[in-house]
Structures are given as structure tokens and as C-alpha cells.
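The values are calculated or read from the model by the stated rules, or taken from the named source; none is laboratory data. Please read these numbers as outputs of a predicted model, since none were measured by experiment. Using ideal geometry, Cβ is built from the backbone for each residue, glycine included, and neighbour counts are taken over all protein chains shown. All accessible areas refer to the heavy atoms of the entire protein, side chains included, with ligands and DNA or RNA removed. Shrake-Rupley method; radii C 1.70, N 1.55, O 1.52, S 1.80 Å.
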Amino acid sequence: GEWRRALDLLAEMQRQGLSPNCNSFNSAISACGRAGELDTALELLSTGMRAAGVEPDVVSWSAAIAACQRRGEWRRALELLDGMRRQGVAPNERTFGAAISACAKGGAPPERALELLAEMRSSGLRVTQAATRDQPRSTQRSTRVITTRGAGGRQRRHQRVRRRGGLEGRPLPPR
């Protein structure tokens, strides 16, 4: 499939003396993640990039966390989130969205998702539906429920207005 082609392209680049860059690895990690090849995606992140002298960026880490999400591996997703922070890479909205989704899909205690959502807000990141747009519908609903409960009545009113007015993907108002 697509993931094998991505790996073949990385290998071909190296055979021809070309150095794959971060974008090359990010594409391969994403392709592996979409195919459910979690171990391969994580191997690219942990070993492949370092062997090529390429430092993972927020996209690399987010793609690996999204790969964990697809398999419901919430513990591994949270380990990666901690690992990226230790490496000095700040998570973005997509990173948090994938981690929250991993928690929802993998059956993590709801408190874990709530903690991530609170951390996302305290980091100054905006909680939007777009942050979980690529996630399963059940997770999108869970995130809306979490944000609705966390912000009280004003948030519920905003949700109704947004649905009626076709404003999906717009940022939620600040708390």
C-alpha cells in the first residue's frame, strides 16, 4: 500500500545519496499511521529520523500520536506527548486533538482527556472543532461535550448558534 511506497521512496532517496528531510519522514510516518502500521511509524520517529540526522518536529510527533489514536493506543500516545515535550517540541492543536481522540478511542479514563483539554487551553491554544476534524465522529462529539461542560451555559448557547449558522470549525469563545 501507500505506506510501503513511502518507505521505498525513503530508501531510494538514501540509495541515491539524497538526504531525506523532515517532510519526507513526516509523510512516511503519516502513511504508516493511516495504514495501521503503528510500530513502523514509531520506528521511523525514534530511529529512522535520528539515523538520518533529522530532528522530529511538531508534525512528526503529531503524526505518530495520530497513528496511536487510530489503534486506540492511548498510553503510547501520551508517552509520545511527554517525549516531544522532553525534546523541546511544543504540541499544537492537532497534537492535542489526536491525543484526546486516542484517549476516547482507547477507553482511557475521561479525566485524562479533560486534563489534556485543560492543558491545551492553559498553553494558549484554541479549542476548536477543527482540532479534531480528522478524528472519528464519536471523538468529535466527545470533545464538544467536554468543551460544553467545561465552559458552562455560554458554551452550550454558542454550540447551538454555531450548528444553526453553519459556523463549524470556527474557534470556540474564550472561557
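Data overview
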read-out	value
Cβ charges +1 (Lys, Arg) and -1 (Asp, Glu), total dipole of the stretch 1-60, debye	100 debye
The stretch 40-53 - phi-based ³J(HN,Hα) in whole Hz, Karplus 6.51/-1.76/1.60, Gly and Pro as x	5, 4, 5, 5, 4, 5, 7, 10, x, 5, 5, 4, 8, x
Orientation-averaged projected area, Cα convex hull of the stretch 1-130 (nm²)	7.7 nm²
Per-residue SASA entry for I65, accessible area with 1.4 Å probe, Å² rounded to 10	0 Å²
Carbon/sulfur fraction of accessible area - the stretch 70-113, other protein chains in place, 1.4 Å, %	44 percent
Extension reserve of the D82-V58 stretch, reckoned as 0.36 nm per residue once the Cα distance is removed	7.4 nm
Whole-number accessible area per residue in Å² for the stretch 16-115, which is evaluated in the context of all protein chains at 1.4 Å	45 Å²
